[in-house]
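The block underneath contains the structure these notes are about, expressed in structure tokens.
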Amino acid sequence: MKTYNILTIEEFKKNIDNNSRLLGIDPGKKNIGIAICDENKVVATPLKIIKKNKFQILLKEIQEIIKENNIKGVVIGNPINMDGSFGKASQSATDFAKNLSISITIPIVLWDERLSSEGSFKITRDLGSNVTDRVKKLDKNAAAFILQGAIDFLSN
């Protein structure tokens, strides 16, 4: 399986242009949250939620987003356990990244996303969203939270 484009965050930083948009992905069990950032990598914005269905359909949607938005790198949330160990969810994210890397040649990085769902839920609460709205947007907001963490790291 060809996975040469799954990089460490340091390699990822070296392989993306200074002015390039990135795609953030929160791979969940039922839904895939999608976010993008501006080309200066300052702000991550929730984009959409894709229902987890057949991988080929998901892949096509991701490829369209990459093309339409001139995306130069992909940040995939990796739900590492709180103690730093890798569980089933982390293995699932790694498998997702490997499958994606077969068809997408731009750099991909797995980013530690511990507490991203909780963090995005709290942020939307602080912004005054109602619970139903927060739950409905949780996956794409989590993707934005993951991507924001990565771009903040990359800017330092």
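Nothing in this text is a laboratory measurement; each read-out follows from the coordinates by a stated rule. Predicted model only: the values in this text are computed from it and were never measured. Cβ sites come from the backbone with ideal geometry, for glycine too, and all protein chains shown count toward neighbours.
Worth a mention:
- Each Lys or Arg adds one and each Asp or Glu subtracts one; over the other residues with Cβ under 12 Å from the Cβ of ASN40, this totals -1.
- Spatial separation of Cα centroids for region 32-47 and region 54-80, in angstrom: 12 Å
- Entries in LYS13/LYS72; LYS30/LYS88; LYS14/LYS60 that, when Cα-Cα distance is taken, lie over 23 Å: LYS14/LYS60
- The residues neighbouring LEU147, those whose beta-carbon lies less than 12 Å from its own, together hold a net charge of -1 under the Lys/Arg +1, Asp/Glu -1 convention.
- The amide H of LEU47, built 1.01 Å from its N in the peptide plane, has ILE34, ALA35, ILE36 as neighbours under 5 Å, considering only residues 5 or more places off or on other chains.
- At most 16 other Cβ within 10 Å, DSSP loop - GluC sites (Glu not before Pro), region 1-53: GLU39
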